[in-house]
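Chemist: Could you have a look at this structure, given as structure tokens, before my questions?
The values are calculated or read from the model by the stated rules, or taken from the named source; none is laboratory data. Source: prediction; values computed, not measured. We place every Cβ from the backbone using ideal geometry, glycine too, and count neighbours over all the protein chains shown. Just so you know, the surface numbers come from the protein's heavy atoms only, side chains and all, with ligands and any DNA or RNA stripped out. Shrake-Rupley method; radii C 1.70, N 1.55, O 1.52, S 1.80 Å.
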Amino acid sequence: MSACPLYGSIIKPPSSSTTLSLLLRKPPLSCNFPTLILRNRNSIFALHSYDAVSTQNAIRFDVQDSTATDSAEVVVEPAEAPPSDSVVADAKPQEKLTKLRKKKVLFQEDDDTIDNRFKLRNGREVFEEKAYLVGVERKGDNEDVFGIEESLRELEQLADTAGLMVVGSTYQKLTSPNPRTYIGSGKVSEIKSAIHALDVETVIFDDELSPGQLRNLEKVFGGDVRVCDRTALILDIFNQRAATHEASLQVSLAQMEYQLPRLTKMWTHLERQSGGKVKGMGEKQIEVDKRILRNQIGALKKELESVRKHRQQYRNRRFSVPVPVVALVGYTNAGKSTLLNQLTGADVFAEDKLFATLDPTTRRVQLKNGKEFLLTDTVGFIQKLPTQLVAAFRATLEEISESSLLVHVVDISHPLAEQQINAVDKVLLELDVSSIPRLMVWNKVDKASDPQKIRLEAENRDDVVCISALTGDGLPEFCNAVQEKLKDSMVWVEALVPFENGDLLSTIHQVGMVEKTEHTEQGTYIKAHVPLRFARLLTPMRQMCVSQS
Ligand SMILES: Nc1nc2c(ncn2[C@@H]2O[C@H](COP(=O)(O)OP(=O)(O)OP(=O)(O)O)[C@@H](O)[C@H]2O)c(=O)[nH]1
Ligand SMILES: [Mg+2]
């Protein structure tokens, strides 16, 4: 069995001599099913997380053991056994344990303080860790349009969404981040003082840290402080929020790909033992761990592929009824789900948190004039979106690439609305969807400081509609604009539909834009804009029409 390279620390002491109630802080990149091995002078015993009460960011193990003492050492292993060619497979249990990183159980807080820090969020118990945020403002960097303070504010929102309690933040102006520690040595000392003064448990960096930076910072801050970056935090939020099998697979894949280059960390103590040289057991173990992880990544990709095939079949079935599909895209928290709920009476989870939605939801929008279209809600975007996530969510985002129209929902009341628009455009560019027509929607007009000014500005531009998804203001105009835009993506047909194809005629009315119908002896003569896929169906009737004229 191989050790999990990233793990939590014990944050709650045994509460009585007979019941050992341990809270294992779950790291952002923890294994899904860790085994906890508790070892003291007298005994070694293993627990599996499925025996445990799982909270969003902590796992509670309740065990009956009167021999447990506060000097117990704790290690965490993944539950699954490695492939049989693993070099550690034959090692004796005792030896294996010595290879694992050990941690002293530290009991610093009493039960009451700890219990107060459990908060109920969305019906789940979350342990509020104390977090400290750190950013770097690059001197003369015009690309960093968000500005460091705004970027840190967004990071705070992300931390809050993940269930952390932000107790402080700091940033430093640098030409470029320090390759060893991301920030300069003076700043490192300042953060170390803040860690002690504020009892900080997690330090979060606003940019993705290299594996080396992560390792060095963990070393200077000390073993009990968890160091993570924006990417790990976003991955953690996605992990917490993944509700479907497909979303879970996608997040696990992204997490493992993030983890792969960072695997060295676990074995640094072995490297030290071998006199600082990276040869020997530690190195072999890294290779084994990397191979195991690569195998798991391969298996996950295969499983995702089969899930995708199912989804494709479902989508093909949906396309057999040629209702145009409109995809809602936009920055996280812009109001996409609220808009879908308002228009369709759907019950998609919408809240003032980042990444409320992970899975695409599609609902039918029926208009008063009898027309209809399908509206798809998608995962929100964010600046500095981890590339692993974009890649892993490509399947989900296929919903976007196969739609007839993209509706870009913008929170126009946000002070950085323009920067958010640019961040979304950047992701859309990566997704290669430039050929799909777009409609821009300025949402939350009710919340803007000067709604009238916003409305006037929108009127001067022909590609923007102002709405309030919350109050329903502007929704009829939105539906009209969607229809007009859809018309642009349709093709013009003139066809003679025989009377026996009455169903077809009503579908044309449903999905297309009918300009004229005329009953003739041979059937109904129709002039309309219809979706391209549908136009193909009508080809024989179009020829009939030509031969008639
Ligand atoms: N005042 C106001 N609040 C709104 C409006 N539309 C949405 N909201 C609020 O904004 C927050 C985010 O809304 P969601 O619909 O969850 O946003 P989303 O774009 O789906 O977010 P993600 O799923 O995270 O990408 C919620 O608290 C909504 O109530 C609006 O028109 N006006
Ligand atoms: Mg949403």
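Chemist: How do the strands (runs of 3 or more DSSP E) wholly within the stretch 373-478 filter down when requiring 2 or more residues that are more than 13 Å from G330 (Cα to Cα): which remain?
Modeler: Of the strands (runs of 3 or more DSSP E) lying wholly inside the stretch 373-478, those with at least 2 residues that are more than 13 Å from G330 (Cα to Cα) span 464-466.
Chemist: Restricting the stretch 349-386 to residues that are touching a strand residue (DSSP E or B) at 6+ places or on another chain (Cβ under 7 Å) and open to solvent by 50 Å² or more (accessible area, probe 1.4 Å), which is nearest to ligand 1 (Cβ to nearest atom)?
Modeler: R363
Chemist: Is it the case, given these coordinates, that Q419 is in contact (Cβ under 8 Å) with a residue 24 or more places away in the chain and in the same structural domain as G370 (by TED's automatic domain parsing)?
Modeler: Here the answer is yes, as Q419 does meet what is asked.
Chemist: Let me ask something additional. What is the number of the single condition among (1) out of contact with any helix residue (DSSP H, G or I) (no Cβ under 9 Å at 6 or more places or on another chain); (2) surrounded by fewer than 15 Cβ atoms within 10 Å (Cβ to Cβ) that H509 does not meet?
Modeler: Looking at each condition in turn, H509 falls short on (2).
Chemist: Can I ask one more? Can you find even one residue in the stretch 521-535 that is assigned to a helix (DSSP H, G or I), open to solvent by less than 40 Å² (accessible area, probe 1.4 Å), in contact (Cβ under 8 Å) with a residue 12 or more places away in the chain and not assigned by TED's automatic domain parsing to the domain that holds L343?
Modeler: Checked the stretch 521-535: at least one residue is assigned to a helix (DSSP H, G or I), open to solvent by less than 40 Å² (accessible area, probe 1.4 Å), in contact (Cβ under 8 Å) with a residue 12 or more places away in the chain and not assigned by TED's automatic domain parsing to the domain that holds L343.
Chemist: Quickly run through the stretch 455-469 and pick out the residues that are closer than 25 Å to L486 by Cβ and among the aliphatic types (A, V, I, L, M).
Modeler: Residues satisfying the conditions are A458, V464, V465, I467, A469.
Chemist: Further, regarding this structure: For the structure I just gave you, tell me whether N142 is under 30 Å from the mean Cα position of the chain (by Cα), under 30 Å from L385 (Cβ atoms), at pLDDT below 65 and not assigned by TED's automatic domain parsing to the domain that holds C228.
Modeler: no
Chemist: With the checklist (1) modelled with pLDDT under 90; (2) among the basic types (K, R); (3) closer than 16 Å to R180 by Cβ in hand, flag the one item R226 doesn't pass.
Modeler: With (1) modelled with pLDDT under 90; (2) among the basic types (K, R); (3) closer than 16 Å to R180 by Cβ applied to R226, the lone miss is (3).
Chemist: Considering only residues that are open to solvent by less than 30 Å² (accessible area, probe 1.4 Å) and part of a loop (DSSP other than H, G, I, E, B), which ones fall in the stretch 211-259?
Modeler: Within the stretch 211-259, G222, V225, A242 meet the criteria.
Chemist: Please work out which one of (1) of a type outside the set (K, R); (2) surrounded by 22 or more Cβ atoms within 10 Å (Cβ to Cβ); (3) within 14 Å of ligand 2 (Cβ to nearest atom) is the condition L389 fails and give its number.
Modeler: Every listed condition holds for L389 apart from (3).
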